[in-house]
1. Dipole magnitude of the protein assembly as shown about its Cα centre, charges +1 at Lys/Arg Cβ and -1 at Asp/Glu Cβ only, in debye to the nearest 20?
2. How much of the accessible area of region A:125-172, in percent, comes from carbon and sulfur atoms when a 1.4 Å probe is used?
3. With solvent modelled as a 1.4 Å probe, how much accessible area in total do chains A and B shield from it at their shared surface, in Å² to the nearest 100?
4. Is there a quick way to get the dipole size of chain B? I mean about its Cα centre, with the Cβ of Lys and Arg at +1 and of Asp and Glu at -1; what is the value in debye to the nearest 20?
5. With every protein chain kept in the model, how would you rank A:78, A:30 by accessible area, 1.4 Å probe, largest at the top?
6. Can you give me the solvent accessible area of residue B:158 with a 1.4 Å probe, rounded to the nearest 10 Å²?
7. Send over the per residue convex hull volume for region A:72-172, Cα only, as a whole number of Å³.
8. Determine the share of region B:267-485's accessible area contributed by carbon and sulfur atoms, expressed in whole percent, with a 1.4 angstrom probe.
Amino acid sequence: MAFWLNIAFGRRLGLGSAYVAVAASLMAAVLAVLVFCTLPPGGAAYELVPWITINGHPITVGVMVDSLTVMMLLVVTVVGTLIQIYSIGYMAGDVRFSRYFAYISLFMASMLALVLADNLLMLYIFWEGVGLCSCLLVAFWYEKPAAAAAGVKAFVTTRVGDTGLLVGILILLASGHSLRFADMGGLPGSDVLMAVAALLIFLGAMGKSAQFPLHVWLPDAMEGPTSVSALIHAATMVAAGVYLVARSYVLFTAHPLALETVAVIGAISAVMAASIACTANDIKKVLAYSTVSQLGLMMLALGAGGYAAGTFHLMTHAFFKALLFLGAGSVIHAVHTQDIREMGGLIHKMKVTGITFIIGALALAGIMPFAGFWSKDEIFIALWQGGDPVLFGAAVLTSFLTAFYMARVIFLTFLGTSRSKAHAHESPSVMTFPLVVLAVFAAGLGFIGSPWCHGAFQNFITGADEEVHFNLGMIAFSTALSLGGIGLAYLLIVKGVKLPGSDGPGRAWFIRLVANKYYIDEIYEVLLIQPFHRLCGALMRFDITRVDGAVNGVAASAAALARFVRRLQTGRVENYLLMQAGGALLLLLIILGKLCRIF
Amino acid sequence: MPHLLTLIIFLPLAGALAIAMIPSRQVQLIRTTALIFNGAVLAAVTLVAVLFDRTGAGMQFMESQAWIPQVSIQYSVGVDGISLALVFLTALLGFLACFATTMITKRVKEYFLVYQVLMTGMLGTFLALDLVVFYIFWETVLIPMFFLIGIWGGARREYAAWKFFFYTLAGSVVMLLAIVGIYFAVAPHTFNMMELAHTAPLLSAGLQGALFLMFFFAFAVKIPVFPFHTWLPDAHVEAPTPVSVILAGVLLKMGTYGLFRVCVPFFPQALMTFAWLLGVLGAVNLIYGACAAFAQTDFKKMIAYSSVSHMGFVLLGVAAMNSAGFNGSILEMFNHGIITGAMFLLVGVVYERAHTREFSAFGGLASIMPRYAFFLTFMALASLGLPGLSGFVGEFLSLAGIFVIFPKLAIISAVGLIAVVILFLVMVRKVLWGKPRERILWSDMNAGEVAVLIPLCILTLVVGFYPDSILQFQQQAVDMLVKAL
């Protein structure tokens, strides 16, 4: 396993070309499959080297491999390899082509180390590492002011969440607990402090997984190259938050409040983002909000006790959302716009992209038998068993909206008549090949969690041995829900039917609210960003006029005193200096005394 | 090598003598001589580090010689795990800053003469084991620095130099009083710091408190601690680049080193009483420095204020009074020297091309100076405490330490850290990102500029990935300090 990690790190060095990156990534994928094949039941952990000692608690660099790790390894390496192959075509001709692959490789290394880490501190280190890569890649086209601003926003917003994670780690450390995931089961369950720690760790997960109210960075992150959006902001890094919750799940299950918070935040994010996705016109923004929404769904599942359902959806989502982003990238490549209102009828010109995109969309919308159907179905069952009607309702609403906005994108982009002035063409095969492979996964991956495979995935991830049965009622319900969403989109967009009352003032107000993303960015601007700027400006002025002013005031008085002395004893420089020094000191002490009284 | 430390302290002074004998026209020879002597210091310090016994807690390589026996003043020097890191830092930055001194064209001979004296003062301060010797070296630093800023500085150099001089003089005077005070308070009367570590803690609480505060004031000016920090931005803005590197990298550490050498071992009871004050001042330094830095429009001033912010972590670590806090604090001193030293070098690189330090003059430099972009981004990430680079380890240890004692302060500081992150990311955006301005034809960093930064980058990476590389030297000394509390 040490060798494994070495490979991951070795790739940080000298990355000249894309082929090195792809080859390394492919090798990692092969190794991940090997790990999968040789995984002992119950997983394995390896302590490598001591890293640091904190107040007598040694922290070691270690590797932990269990079924969850293996799943993440497979997802990251397979999707990562495919996206890097795609990038060869997508980034062709960019002036910083090799820089791009260096960043991507650094990201892959950090991401793999993140899922392999056996304790929270190691995870935190690579957690920040992937955050850095995300920031650098979002701002990859840094000449564009929007991209540069989005890079900063991505890092700072996630950093707000990470502060929670950091304090959570500090709490665990200070109360003398081990940071190793393997030891977390033994933590005192009833301790309030542990509940606080769990919530703080969840705050970190919220930042990374773009959950409300820390989701604002993800839509802006679409300024980066689309392949980056696919890899980092859809398939892997944003899922790290869900992974973190799953990884430290015992910490959450011990505290009902913590688990409920996860579910509620997930539900809010899922519904809110899905509704925004319905009004967005930028194809990447639709997908970005969709990602927020689907991540919310995963959190919701985890929070409702559906461990297998949440992780299963994480896996299927990684494949079909990566597919959708790459498809969108292919479209943008062809028509040079991201506005779906300016597309249309593209399926005739881009057959491979069109068909694979539709497969991905059907998977996301949860149509049987595509992958998303099975994992979403699992979530529904878990929520139904959880017994909270509000949470279940949130999932239902999300699912309906998801089908609606994906159908809207399909109708506007690939079907209908062309509204584009650009001469669209199919992308090169280096880009379409990954699309096809991902489409196969998006279509077929769900089966490993279906009753036909006897719930192979669920048993693998939980280590249990249970039969999964068909729940015909749920299947019928969720299919009807998705078809309903698609049908509504068909009526509204293709047929041009107007909903009754959609023109009313009440409705218009609501649509404006959604279309403006609930004004959350504006609220932050007014409540956080502007006050921060004002505070900094005020502190600087305070520093110059008050703090430094006091010092200069002392000096000026001393100088005045010295001038007075000089008039008495003309030309005595020694006295002048002496007086100045003495006066400065005296007055300084007086001022200090005053300051001490103030503070 | 029986007199290795004495050799290290006075080697730069010997260099000054050698330079004095060279005619001032032979600029190149003067430069080479200074470089050779500083290189020899670095080699000698490395030798000390290699020979250093990492399992020993006490002073090593000790030398003692009666100097003024009437008042029992001894010339006494020695090195332990705490001072070793700082002596190495001084030797390394002293050598690199000397190497990077290319912009000084007037009175080169005098410049290097004064520079060599400064080196002796700094090394002596970190190695002295007698309070009077400590004070003499401390003052020795003040004069050369005054001249370096006052003669070779920028437009407002005289104002900055006088301000620096008077401010630190005020601190020194108070320290001198405290030194005399402690001498007469303890029995038997002594200036020996090793003995004082045993006898001073026996003093009454009130006396300890008074002496602690006097020493603390002297060190606080140097560190600098809010509200005594305003000399720092002025001094930095006016000082030439190598002097800024020394000023931020080494001079500030004299104050924090003093806390560890004097305040912690001599007055444990007072430390317990005033730990909250140190902690609060640390958090204020951290957040106030970051916010004030954020509002600056001058690149160098921004880095100067960010130093104030980073020194907050050192204070927090001292206030923690446990192994994690002390370790973090000492490591943060070392890291800050490396990282901020590099930052000032980087500011110097663009200043020499642009002849201004206003952010508005930069932008889009990543496109035209890729090497510069790499180094600046790297060091900005190290400054904002990115895990994997050295800054994180020191900050994390300090926070872990303070959390045990003052959890609220630790949380406030952790949140305040967001301001530091914003500060450096926005700096990268302002300087490197965006479209390059028209008609900017600056050349990228040359081989010399790169060569100076590479050792600093390597150290940042090594300490970040393997903190024990530094921590193993100081662990025993820190354990002893904690045990004595």
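1. 3000
2. Working: 640 of 780 Å².
Answer for region A:125-172 is 82 percent, counting heavy atoms of protein chains only.
3. Details: alone 25100 and 17420 Å², together 37520 Å².
Interface between A and B: roughly 5000 Å².
4. On the way: 24 positive and 20 negative charges, 242 e Å.
Approximately 1160 debye in magnitude.
5. Final ranking, largest accessible area leading: A:30, A:78.
6. Answer for residue B:158: close to 120 Å² accessible.
7. Numbers: hull volume 9.0 nm³, N = 101.
Measuring per residue, one finds 89 Å³ for the Cα hull of region A:72-172.
8. Values: 4110 of 6260 Å².
Of all accessible area on region B:267-485, carbon and sulfur atoms account for 66 percent.
The values are calculated or read from the model by the stated rules, or taken from the named source; none is laboratory data. Please read all numbers here as calculations on a predicted model, not as lab measurements. Cβ sites come from the backbone with ideal geometry, for glycine too, and all protein chains shown count toward neighbours. Calculation scope for accessible area: heavy atoms of the full protein, side chains included, ligands and nucleic acids excluded. Shrake-Rupley method; radii C 1.70, N 1.55, O 1.52, S 1.80 Å.
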